[in-house]
Every structure is written in C-alpha cells, then in structure tokens.
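Take a look at the structure set out below.
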Amino acid sequence: ASFLLLCFRSPLLTSLIFGLLLQAPFTQLSTITRPNFVLLLADDLGIGDVGCYGNDTVRTPNIDRLAKEGVKLTQHIAAAPLCTPSRAAFLTGRYPIRSGMDATNNYRVIFWNAGSGGLPPNETTFAKILQQQGYSTGLIGKWHQGVNCESRNDHCHHPLKHGFDYFYGMPFTLISDCQPTETPEMDRGFRRKLWFSTQMIGLITLTAVLGRLTGLISVHWKTLACLAGFTLLFFVSWFSSYGFVRYWNCIMMRNHGITEQPMVTDRTTSLILRESISFIERNKHKPFLLFLSFLHSHTPLLTTEKFLGKSRHGLYGDNVEEMDWMVGQVLDAIDKEGLKDTTLVYFASDHGGWLERQEGGRQLGGWNGIYRGGKAMGGWEGGIRVPGIFRWPGVLPAGTVIDEPTSLMDIYPTVAHLAGGAVPQDRVIDGRDLLPLLRGMVAHSEHEFLFHYCGVHLHAVRWHQKDTGAVWKAHYVTPIFSPPGAGGCYDRGFCPCFGEGVTHHDPPLLFELSQDPSEAKPLSADTEPLFDTVIRKIGRAIEEHRRTLTPVPEQLSVSNVVWKPWLQPCCGTFPFCWCDKEGDN
C-alpha cells in the first residue's frame, strides 16, 4: 500500500506506469530480433479447400489455427498458374519471365530431371540471402527447378547451389507415374501419339515383310531390314524415356545423393515429416529457414492409411486433411522447442486447384471456391488466388484479415528484410516488403499493378485504385472452355496460353473485383463510366512494365526440357539406376 501511495505521489512514476499500461501490445519494429522462418507451401491446393477460406466440409483445423493466431490474406496472388514458374517467382521475388522460367511453348514446367533447363545460377533466392546472414537453410519436399546443366553431376540448378544448406525431397514433382497402380499422367496425349505412330510404322514393316514372303511385293531384303531398324530405333528413342518415367523422375535425394530410385511412395509422407521436424530440432539454437514444400495435394495424392476414407471429399479430401495434420505436427515441434514466439510461419499454395484432374469419375483436383478458373489459367482468379497466412505471436496481430492485393513474390523482400539482409540492387525485384501491411502500420499494399502471365503471354492485369479501394482487372486473353460453359478445358486437361484454344479481347474484358470477385459480369463503356479511363491507365502500366523486361535465355525451351540421358541423375551405373538407401537404414 505504501508503494502505491508513493507511486501516485510521484508524477514521474505515475506517467511511467500509465505509459506502460497504454503501450501497444506488439513488439516495436526497432526491437524485433531476427526470427526463424518456417515457410509451408502446398502443391495445387485450391483456395476453396481450406476451412478458414470458407470450406466447411474439408477439415483443416491446423491451418485454420494459423489464421486465427495470425494474419489471413484474402487477395494473395501467385505469379504464375503452374508449379515451376510460380515457385521460381516465389524463390526470387521476380516475375518468372525475368529469369527465363516461363515458356513460349506448351512445355510450361520442368518435364524431366534429365532436362538442362532450370532456375539460372545467377538468380539470387531468399535462401541465399539468409545463408549469407548466418541462417541455417533447409528445403524439405518438392523442388521442380531443375538439376543439371551440362553433366550428370554438375547440379547447377540444385537447391544446394541456390542457398540451401540442406535438401531432402524430390528434385522433380510428384506425378501419377510415381505410383505403379495409377494411370500414367506425364505427357499423356503425346505418349498416346508416340504409341500410335510406333504401331503404324510396325504394321507397315510387318505388311512389307509378309508381302515380300508371299511374293505380292517386290522389295529388297536390305530395304526391309532398314525399315525394321528404323521402327526399332523410333521405338527405343522415345520408350527409353517415357517407358521409365518412374525411374527417371520419381527419385528422392538427400543433399547431392540419391536415396531412393524409384521412390517408395508408401513412406514418403512420414519421411518428409520426420526430416522437417529433425531440421527444426537440429537448428533450434541458431536462426533457421525451413522451406517445407509439400508434395500434397498433387496427384497421385499419396495418402497414408490413417487418413484414407476419412474425409467427405474422396481421396483428394483425405489428402488435404493429411497435409493439415502435417502442418499441425510441424507447429507442435515449434512449440515443443519453445520457438513459437521467435518463428514466423507462412502458409500458401503455389497456385490454384486443378479443375480438370479427374479419373474414372473421381475428382482428383482442388476447388477454388467462388473464383473462376483454375490451375494453368494465367488470368482467371481461380488459377492464381491462393491461401496466404502469416503467424508471428507478439509481432503480428492475431485474427487479422487483410483484403489488399499481395503476391507470393512478396515473401522474398519480407524475409530478406527481417533477416537483416538486402535484396539485390542489380535487378528488378517485383515483390514488396509485407511487414508494414501485416503489422497494420500502413493501410494499403504497395502493389498498384500486378501482371498475370500464362507462359510468356500476358493474359490479364490488375490495378488497385487505392484512393477508391477499387480493384480493376483487365483480361486481354482468356482460354476457351470446353465443353462451353464448363469452367475448364476438360477435353485438353490443361487450358493453353496461346493458339486456337484462346480468345483475344479488344477491348479487354474488364471486371471490378471488389464488387465482382467471381468475374461473372464484364463491364463495358456503356455500363461503366470509367471504362475508357481504366483501360488507358492499365495500358500505360503495361508499356512501362515491358520496358523493364530484358532478354534472357529461355529455360523451358524444347531443347532444354527434353530428356537427355547424359544428364540423368543415377544412383548406379546408367542406365541401371536403382537404389533404396532408406530401406537399407
């Protein structure tokens, strides 16, 4: 009592006490210490697949807990609608067209571990910046940014050449070919054409031989031998790659060494989770970056028996719920080590859900909620609007929802800044530091324009008119849905970026996303007084943006994506590539 009386008699102490009581509950920016980073990136997950984004039938309690304890972004945009270019942009903070990681052709992703294309060595990832700042950096899971350039072991595109101290996972991506019981997925249409061509050539050869034997055709045996040799050579030329996809692409690596070739899919989930938790435990006494790049929820939807048949949405729902459980296990590991308040956790998906992925009446792709379109569609929201959640207790206000346009590219400068590093000054960085927006220190995102590419083709542009809050979006190219009105390109499996499968719009289709997020009602000069003004403003922004682009080598050219046997990662003596080092352990 005497202490309280003394306090109230002293104006200085009274002011100090009231000042402490009124102090903001969150750590001041000047006192923020360098956090650990745990970046969780799902594969092909639709924004409509997550509970905190409106799904009330798929159970995602752990992802929902992240949103409740942190900041949820409702307009979080991928820089590309497919894996390879989107992840290149995420890692570098730059539109993939700047690094050559977008395609002019229909091969819009890395197709083989034995291709020569990939994330160029001169690109600086956020991992490299953090590594230079003394962080331990680890990538667990999917890479899909290439492996080699000129020889089997140069590993010029490998994660360890791009700033990661430790790598465990797939240098490629999960595909149905990795599961022996599933229908092959990779380049399915092209593979059918190759089989058909082989059968036709073989039939012609067989007919010629029978004709010669029966005397119906007068042809030299040398000619028939050449024809038979050509048939065999043609078959070997493509079957040596496509016939062994599981061995060439479905491999697991630890750092530079191959641990499984082909991967044993039954234990992949448990190994990735074990490696993630082990990385946290090994590095708990120093700052670390863990990039957990999930194989979920990409086909073939590897799901352990514990979760099979447990969801209301078949195998896809089971897979999403298992991924959510994995998120919970990682969060529990952070809590167990006492790192919750010193770790920034981020969760997102690399792009929208794959609407057209169906097999035997089963829907194997994700759901994009109210948003139109999906994976592979560069302009429509369903292909690029993804979940985006940040949690950092004591620094970011819990339970916050931000409706401003943000990008996966923003992770790059945000992480670099918090780690005490600096982004490169010799190149254009398209991402923006999100910390002021996440902490509520500014009302608006720094992004005025976002450019939505499909390959190297600009399909749409978004303009955030900050003074009014309007978010305008102009579509210059859109895919032609098939069947008409279906919302996807179900006859192709993927929507194309150019050619006969797209429609060019002049004037462009215009939507105001804050009023029409589903992009259902295009505006016109007759219905929108600002139509011409908005189109002119966006047109000038496109011109300015294109002036910042410089020619770079095309990493996804046909010559870079084809299978090259001399580049094939192999744990034996090529072509006898087989090992199971995890089984040996």
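The values are calculated or read from the model by the stated rules, or taken from the named source; none is laboratory data. Keep in mind that what you see is a predicted model, and the values were worked out from it rather than measured. Cβ coordinates were reconstructed from backbone atoms using ideal geometry, including for glycine residues, and neighbour counts include every protein chain displayed. Only protein heavy atoms, including side chains, enter the accessible area calculation; ligands, DNA and RNA are left aside. Shrake-Rupley method; radii C 1.70, N 1.55, O 1.52, S 1.80 Å.
With under 16 Å from HIS155 (Cα atoms) and not small (Gly, Ala, Ser) as the only criterion, which of PRO96, PRO121 stands out?
None of the other options fit; the residue is PRO121.
Mind checking which residues of region 224-239 are within 30 Å of PRO569 (Cβ to Cβ) and either open to solvent by 70 Å² or more (accessible area, probe 1.4 Å) or in contact with a Cys (Cβ under 9 Å, 6 or more places away or on another chain) (or both)?
LEU232, LEU233, VAL236, SER237
Name the single residue that is surrounded by the most Cβ atoms within 10 Å (Cβ to Cβ) among those in region 541-585 being among the polar types (S, T, N, Q), part of a loop (DSSP other than H, G, I, E, B) and touching a residue at least 24 places away in the same chain (Cβ under 8 Å).
Ranking the candidates gives GLN555 first.
For region 455-465, state whether one or more residues are closer than 27 Å to PRO551 by Cα and open to solvent by 40 Å² or more (accessible area, probe 1.4 Å).
Checked region 455-465: at least one residue is closer than 27 Å to PRO551 by Cα and open to solvent by 40 Å² or more (accessible area, probe 1.4 Å).
Of all residues in region 468-488 being in a loop (DSSP other than H, G, I, E, B) and free of Cβ contacts under 8 Å to residues at least 24 places away in the same chain, which is most open to solvent (accessible area, probe 1.4 Å)?
So the residue we want is PRO484.
Quick check on my filter: what residues within region 489-519 are open to solvent by 70 Å² or more (accessible area, probe 1.4 Å) and under 17 Å from ARG385 (Cβ atoms)?
GLN515
Among the residues in region 346-361, are any out of contact with any Pro (no Cβ under 8 Å at 6 or more places or on another chain) and at positive phi?
Taking every residue of region 346-361 in turn, at least one turns out to be out of contact with any Pro (no Cβ under 8 Å at 6 or more places or on another chain) and at positive phi.
Here are some conditions: (1) modelled with pLDDT under 95; (2) exposed (fewer than 15 other Cβ atoms within 10 Å of the Cβ). TYR242 meets all but one. Which one does it not meet?
Single failed check for TYR242: (2).
Could you please let me know if LEU66 is modelled with pLDDT of 95 or more, out of contact with any Cys (no Cβ under 9 Å at 6 or more places or on another chain), open to solvent by less than 20 Å² (accessible area, probe 1.4 Å) and within 17 Å of VAL345 (Cβ to Cβ)?
Considered against the rule, which asks whether it is modelled with pLDDT of 95 or more, out of contact with any Cys (no Cβ under 9 Å at 6 or more places or on another chain), open to solvent by less than 20 Å² (accessible area, probe 1.4 Å) and within 17 Å of VAL345 (Cβ to Cβ), LEU66 comes out as no.
Restricting attention to region 539-585, report how many residues are within 26 Å of HIS155 (Cβ to Cβ) and more than 24 Å from the chain's Cα centre (by Cα).
Of the residues in region 539-585, 20 are within 26 Å of HIS155 (Cβ to Cβ) and more than 24 Å from the chain's Cα centre (by Cα).
Sort out which residues of region 176-199 are open to solvent by less than 80 Å² (accessible area, probe 1.4 Å) and among the hydroxyl-bearing types (Ser, Thr, Tyr), and write them in order of number.
SER176, THR183, SER197, THR198, listed by residue number.
In region 270-293, which residues are among the polar types (S, T, N, Q) and either touching a residue at least 60 places away in the same chain (Cβ under 8 Å) or crowded, with 19+ Cβ neighbours inside 10 Å (or both)?
Scanning region 270-293 gives SER276, ASN283, SER293.
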